[in-house]
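First the structure, in the form of structure tokens, and then the observations on it.
The values are calculated or read from the model by the stated rules, or taken from the named source; none is laboratory data. Note that the coordinates shown come from a computational prediction; the quantities given were computed from them, not determined experimentally. As a convention, Cβ positions derive from the backbone with ideal geometry for all residues, glycine included, and neighbour counts pool all protein chains shown. All accessible areas refer to the heavy atoms of the entire protein, side chains included, with ligands and DNA or RNA removed. Shrake-Rupley method; radii C 1.70, N 1.55, O 1.52, S 1.80 Å.
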Amino acid sequence: MNLDKFVSLENIEMTFHTKSGAFTALKDVNINIKQGEFVSIIGHSGCGKSTVLNIIAGLYPASEGVALCADREISGPGPERAVVFQNHSLLPWLTVYENVMLAVDSVFAKTKTKAEKDDWVNYNLKLVHMDHAAHKRPNEISGGMKQRVGIARALAMQPKVLLMDEPFGALDALTRAHLQDELMKICAEINTTVVMVTHDVDEAVLLSDKIVMMTNGPAATVGEILPVRLERPRSRLALANDPEYLRCRQAVLTFLYDKHRKDDH
Amino acid sequence: MSQMQLKSFLMWLAPTLLGILFFILLWSGVSTATDGKIPTPAVTWTAGVELFSDPFYNNGPNDMGIGWNIMYSLGRVGLGFGLAALIGIPLGFWIGRSLFASRAFNPIISLLRPVSPLAWLPLGLLIFNSTHWAAIWVIFISSIWPMIINTAVGVSRVPSDYMNVAKVLRLSEWQIMTKIMIPAVLPYLLTGVRLAIGVAWLVIVAAEMLTGGIGIGFWVWDEWNNLNVAHILVAIIVIGLIGLMLEAALVWLAQRFSYGE
Ligand SMILES: Nc1ncnc2c1ncn2[C@@H]1O[C@H](COP(=O)(O)OP(=O)(O)OP(=O)(O)O)[C@@H](O)[C@H]1O
Ligand SMILES: [Mg+2]
């Protein structure tokens, strides 16, 4: 297996056929992601970040080009590419436990016994510190908690790649920082490959090994790829004055607000 | 009860009682103006008490207590409504999920839905050769539309995020149905059921007036032939109360199955 191209998008083009005609959202998108790497995709609103993520997830078939994961062509969605959706998408009629169990049940239907599945659900809920609310329904817990459960559900699938679409976008700054720190810990622990869409520059620099910066649409593409060479574990306080951190932050800001400024919003 | 609650209870009670009082006064006024052709509330009350002191007497098929008549009507509604649910709900799911089915059925549904349910009665008589089943047929036809339409709308409004979850998890069609579609559609479906049972209860009275036999609708017609207007007034109130109870039961059911986000 080619570990440097664990996930790879080659010359991806995405054209949506809408009522008002064909709309090319992405063109010539090339991204390579190593196994165990944490990659952020950043860009202005509407440029096509979610579309890129959905192509990796297999929810959208690319119009042109090849999308590969673990040397196999991505031909549809599947649990090896788990998604944390922007608005958590927990099923409101199931409890926290049942939401995670739904995933565990379908992924490990044949490979785990009932007791093992139960253990595995509880293990993942503990990982995101939600074991205390296992039997609550989504409408009984806060937004941050829902997002944790969404992450637990995705992690419980033991995915090869964890895909996250602005997972903390709807949260307040404090909760967001807290969850970012926890996500870093979890990723260090299970060493999974992560692709995260964000529009928060600090979040991208803090969490990523590599930041993919996208140009504005239509026909958006990858503008620059910035490697973030910061030691792990990272601490947001220590990094605040770190020259490499500041350099990366500056580079992303320059890309977004100088080179590819968006004027119409 | 706290003072606040007591206050708001009284704020509710006072206008309600006033409304009822106004209604009774109006009724008495009409009664006086018609020289008692329309019985007074008091006379109606006495008639009602008398009717309900022995609602389940049975002197042969032409003379049964009002309780039996209500039971027969409810039975027809239940049967026609149940059959409509049995066919309408799955059909609604199909129409909601499949573009083909929605294109195939929507024009027919749009054409047939506005037709007054009673227009179907002669067809029922012709096909089933039985007034009892003809009435059930009319209930079936009138309650199937709200169920199909609301179920289909519910299915088409299942958030695409939930379906994406199902795709990522590779849920089977059965799991999609039981874990996602049915719970998500249930509130819409119950709205359909509520509308349907409302229509069914409206229609049964009219249908039975035409078909005869045992049932509250024909009972009203019978009392009209006997010129027993007090009994008709009692029947009107009872029909209203039963409609209210059916509605309340379904609202309660709907609340039990609604989930906050
Ligand atoms: N299913 C679709 N059908 C038609 N057009 C679409 C579809 N999905 C996305 N688009 C269009 O593609 C472009 C990119 O959309 P996308 O959702 O990927 O942007 P984004 O970068 O995720 O934006 P945001 O930051 O607001 O979430 C937009 O112009 C959008 O209107
Ligand atoms: Mg998006």
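Could you check how much of the accessible area of the protein assembly as shown is carbon and sulfur, as a whole percent, using a 1.4 Å probe?
C and S fraction of accessible area: 62 percent.
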For the stretch B:1-111, shape from the Cα gyration tensor axes a ≥ b ≥ c, cut at a/c of 1.5 then a/b versus b/c, turns out oblate
Pseudo-spin-label distance A:E189 to A:H17, built 7 Å along Cα→Cβ, given in nm, is 4.7
Pseudo-spin-label distance B:A248 to A:K110, built 7 Å along Cα→Cβ, given in nm, is 5.5
With the dipole of the protein assembly as shown defined by +1 on each Lys or Arg Cβ and -1 on each Asp or Glu Cβ, the option from B:P159, B:A248, A:F85 whose Cα lies farthest towards the positive pole is A:F85
Filtering chain B for DSSP H helices with an axial alpha carbon extent of at least 24 Å and a Kyte-Doolittle mean of at least -0.5 returns B:3-33, B:66-97, B:131-156, B:182-211, B:229-256
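So if I place +1 on the C-beta of Lys and Arg and -1 on the C-beta of Asp and Glu, and nothing else carries charge, what would the dipole magnitude of chain A be about its Cα centre? I want it in debye, nearest 20. Could you put the intermediate results ahead of the total?
Details: 30 positive and 33 negative charges, 66 e Å.
About 320 debye.
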Taking N as the number of residues in the stretch B:27-72, the ratio of its alpha carbon radius of gyration to 2.2 N^0.38 Å works out to 1.47
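Please report the buried accessible area for the interface of B with A, total over both chains, probe 1.4 Å, in Å² to the nearest 100.
Values: alone 15740 and 13030 Å², together 26910 Å².
Buried area (both sides, nearest 100 Å²): 1900 Å².
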Placing each pseudo-label 7 Å from Cα in the direction of the beta carbon, B:F23 and B:I127 end up separated by a distance in nanometres of 3.8
Of every Cα-Cα pair in the protein assembly as shown, the percentage lying beyond 34 Å is 56
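How well do other chains shield peptide A:48-59, expressed as the mean number of their Cβ atoms within 10 Å of each residue Cβ?
Numbers: counts 0, 0, 0, 0, 0, 0, 1, 0, 0, 3, 2, 5.
Partner-chain Cβ atoms within 10 Å, mean over residues of A:48-59: 1.
Per residue of chain A, what 222 nm ellipticity follows from adding -39500 (n - 2.57) for every DSSP H run with n ≥ 4, rounded to the nearest 500? If you can, show how the numbers build up before the last one.
Values: 8 runs with 90 residues, N = 265.
Theoretical 222 nm ellipticity from helices: -10500 deg cm²/dmol.
Between B:S2 and B:S98, what is 0.36 nm times their sequence separation minus the Cα-Cα distance? Round to one decimal in nm.
Details: separation 96, 0.36 × 96 = 34.56 nm, distance 5.41 nm.
Stretched out fully, the B:S2 to B:S98 stretch lengthens by 29.1 nm.
Cross-link list A:K49/A:K210; A:K160/B:K167; A:K210/B:K167; A:K136/A:K160; A:K126/A:K185: which exceed 19 angstrom alpha carbon to alpha carbon? It would help to have the intermediate numbers written out before the result.
Values: A:K49/A:K210 15 Å; A:K160/B:K167 17 Å; A:K210/B:K167 28 Å; A:K136/A:K160 29 Å; A:K126/A:K185 13 Å.
Too far apart for the 19 Å limit: A:K210/B:K167; A:K136/A:K160.
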Taking chain B and counting helices only, DSSP H stretches of n ≥ 4 at -39,500 (n - 2.57) each over all residues, the nearest-500 ellipticity at 222 nm comes to -26500 deg cm²/dmol
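Looking at chain A, what % of its DSSP beta bridges pair antiparallel, to the nearest 5? Working shown, then result.
Working: 21 of 40 bridges.
Bridges in chain A are about 50 percent antiparallel.
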With +1 on the Cβ of every Lys and Arg and -1 on the Cβ of every Asp and Glu, the dipole magnitude of the stretch A:46-161 about its Cα centre, in debye rounded to the nearest 20, is 200
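What average count of beta carbons from other chains do you get within 10 Å of the Cβ of residues in B:171-177?
What the average comes to for B:171-177 is 1.
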Honestly the stretch A:60-199 on the Cα gyration tensor test (a ≥ b ≥ c root eigenvalues; a/c under 1.5 rounded, otherwise a/b vs b/c for prolate or oblate) is just oblate
Ranked output for segments A:177-184, B:154-161, A:77-84 by mean other Cβ atoms within 10 Å, highest leading, reads A:77-84, A:177-184, B:154-161
In whole angstrom, largest first, the equivalent ellipsoid semi-axes that the Cα gyration tensor gives for the stretch B:191-261 are 32, 13, 6
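Highest mean first, what order results for A:132-142, B:23-33, A:88-98 on Cβ atoms within 10 Å?
On the way: A:132-142: 15.3, B:23-33: 12.4, A:88-98: 20.7.
Most protected by this proxy first, the peptides run A:88-98, A:132-142, B:23-33.
Label chain B by shape, choosing from rounded, prolate and oblate, from the square roots a ≥ b ≥ c of the eigenvalues of the Cα gyration tensor; if a/c is under 1.5 it is rounded, and otherwise prolate applies when a/b is larger than b/c, oblate when it is not.
Note, shape of chain B comes out oblate.
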